[in-house]
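Chemist: One structure is given below, represented as structure tokens, and several questions about it will come after.
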Amino acid sequence: MAFSSDNVAIFLAVLDHGSFSAAARALGRVPSAVSMAVANLEAELGLTLFERSPREVRPTESARALEPEARQLAGQLRRLQAHALSLHQGLERRLTLAIAPELLSAPWAEPLARLAQEFPALEVEVVSAPQDDALRLLHEGAAQLALIYERTRVDDRERFQELGSEVLLAVISPRHPLALERNGSLRLEDLVDLRQVAIVSREVAEADQRVLISRKLWRTDSHLATLGLVRAGLGWAYLPRRLAQPLLDSGELLRIAFANMSNELRLWVDVVWLNDRPLGLGAKRLIALMQDIAGLEAR
């Protein structure tokens, strides 16, 4: 076969540097070896690739026609070598990140974009699941990382890195009967008997009392379902400010104005993994990138 990884590199070096001697310096070879390799390639192909002169070599039309595919092949070889090196260093084949739906509006996509640039062959799976379900996926081995709110109790099987905080706002539809009656001004105790819509796992009986206030609870497994029910006037909800603010600005949602306390509930956000399962190179790098973004946001 005429083309190989070696003579493709030589072919491109001569194209880029314009002479056998300059290409040889770039490749760390002697000019005679480069000249001979090009001559052998031309003989095998039955084509003249370069017009020779004492001071330079000029690519022929045949060389220019072959150049795009040669560069593509060289790029593929570089990516293959980088992938092989990454696997040698501990890169996992697939990285699964489980995210609590309330945090889908958090800035986690940018770290993933940077991760994809560094490890283009890494397969990434993003799974949205209520917080308890995200942790269950983590412990069952279906996810390597979970992006969730801080827990009220520490599990000694887990390790975590704090990434910042998220502000939750109590919101209701302006069309809700109680919102119309009270003009949006309520006391926290008024919410106890008012239907709350919340993202909660169906399999966990113990609820997080920081965010679950009402005795009347409608459960969902997505922020979009929660938003839809609240906007329809079927109840109130705690929603992340990032998610709720555009709808508050447009008047589609109403921020509940508590008469006796602040509306805001601040919860810390953690990325969690397990002690007994070593993280791959991709997961470690994603944690570091998430920390970088969290640090920039905190400034």
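Chemist: Residues of the stretch 261-289 being in a helix (DSSP H, G or I), hydrophobic (A, V, I, L, M, F, W, C) and either touching a Gly at 6+ places or on another chain (Cβ under 9 Å) or at pLDDT below 90 (or both), which ones?
Modeler: Within the stretch 261-289, just Leu281 meets the criteria.
Chemist: In addition: Out of all the residues in the stretch 188-202, is one or more at positive phi and out of contact with any helix residue (DSSP H, G or I) (no Cβ under 8 Å at 6 or more places or on another chain)?
Modeler: No, the stretch 188-202 contains no residue that is at positive phi and out of contact with any helix residue (DSSP H, G or I) (no Cβ under 8 Å at 6 or more places or on another chain).
Chemist: Let me ask another. Every residue in the stretch 242-260 that is among the basic types (Lys, Arg) and either in a loop (DSSP other than H, G, I, E, B) or at pLDDT 90 or above (or both), please. Walk me through it before giving the result.
Modeler: From the stretch 242-260, those among the basic types (Lys, Arg) are 242, 255; that's our starting set.
Answer for the stretch 242-260, where residues must be among the basic types (Lys, Arg) and either in a loop (DSSP other than H, G, I, E, B) or at pLDDT 90 or above (or both): there is none.
Chemist: Going through the stretch 133-154 one residue at a time, which ones are surrounded by fewer than 22 Cβ atoms within 10 Å (Cβ to Cβ) and part of a loop (DSSP other than H, G, I, E, B)?
Modeler: Glu140, Gly141, Ala142, Glu150, Arg151, Thr152, Arg153, Val154
Chemist: Pick out the one residue from Arg285, Arg266 that is surrounded by fewer than 18 Cβ atoms within 10 Å (Cβ to Cβ) and either of a type in the set (D, E, K, R) or over 12 Å from Gln161 (Cα atoms) (or both).
Modeler: Of the residues listed, the single one that is surrounded by fewer than 18 Cβ atoms within 10 Å (Cβ to Cβ) and either of a type in the set (D, E, K, R) or over 12 Å from Gln161 (Cα atoms) (or both) is Arg266.
Chemist: Checking the structure you have, find out if any residue of the stretch 12-21 is under 19 Å from Leu73 (Cβ atoms), touching a residue at least 12 places away in the same chain (Cβ under 8 Å), of a type in the set (Phe, Trp, Tyr) and surrounded by 13 or more Cβ atoms within 10 Å (Cβ to Cβ).
Modeler: no
Chemist: Moving on to the next point. I need every pair where a residue in the stretch 161-187 that is among the acidic types (Asp, Glu) has its Cβ under 7 Å from the Cβ of a residue that is outside any loop (DSSP other than H, G, I, E, B), sequence separation at least 6 or different chains.
Modeler: From residues that are among the acidic types (Asp, Glu), the pairs are Glu162/Trp268; Glu162/Asp270; Glu166/Leu103; Glu166/Pro240; Glu166/Leu267; Glu166/Val269.
The values are calculated or read from the model by the stated rules, or taken from the named source; none is laboratory data. Owing to the predicted nature of the structure, the values given are computational and were not obtained by experimental measurement. A quick note on method: Cβ atoms are made from the backbone with ideal geometry, for glycine too, and the neighbour counts reach across all protein chains shown.
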